[in-house]
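Structure, as structure tokens:
Nothing in this text is a laboratory measurement; each read-out follows from the coordinates by a stated rule. None of the values given here were measured: they were computed from a predicted structure. With ideal geometry, Cβ positions are generated from the backbone for all residues, glycine too; neighbour counts draw on all protein chains shown.
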């Protein structure tokens, strides 16, 4: 939205959550509205992560009548009523899952708390942070994490602190996750390329892909002189199965 201010993004160890709750209390007293995002809806025996239902109970006990709960299992009418109450200021805190990642616009909301931020991808963190800072007031995003952090998680949180530029975040996400396969089914991980780097040769690779599709359309069995040369190259690079992938679209 036009006129939005930079968002103050901070990373905080999860063991300091009591201090975060104190800060949320001060924000509520000042009239602010707060999103509090958890990775799970309910408690899981397999995964030791914060869940929205438990956080809702804890915050409701501390701020009675001011906390709402939103997740994908609620009926549509219930979700709509909760969002309306939050948007109108009848609720001050909205505990939610990533269901609020897109399509939510409450300009008065100025605080975003994300528990277990180390478990979210960069794209999700960027989208969630974008739910605040949509008005003229200063906004804050608090990324709560569990120590110790792995190298990838540490890099993700550092990028979130450094920039709000969606293009930069997308580039860094590509570097961290990997691009997957251009001629295959993997959507993440490092591509098995010997001669190219997506970050440097992106336009050249797009041109090569278009050229390859044109060749396969005109010579699907690679029987022409050029086709046979390409088949030999694919064999040398152990990618002769890529012809079937290209043909499938």
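Shape verdict for segment 19-150, please, from the Cα gyration tensor: rounded (a/c under 1.5), prolate (a/b greater than b/c) or oblate. Can you show the working numbers first?
Working: a/c = 1.34, a/b = 1.20, b/c = 1.11.
Rounded, since a/c falls under 1.5.
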Considering just Cα atoms, how many Å³ per residue does the convex hull of segment 109-177 enclose? 77 Å³
Which distance in nm do the two modelled labels at residue 170 and residue 12 give, with both placed 7 Å along the Cα-to-Cβ direction? 3.2 nm
What one gets for segment 98-143 as the Kirkwood radius, inverse of mean 1/r over different Cα pairs in Å, is 10.8 Å
Label point 7 Å out from residue 74 along Cα-to-Cβ: which residues of segment 127-142 have amide N under 14 Å? none
Along the Cα-to-Cβ line of residue 158, 7 Å from the Cα, sits a label point; which residues in segment 9-30 have backbone N less than 20 Å from it? 9-14
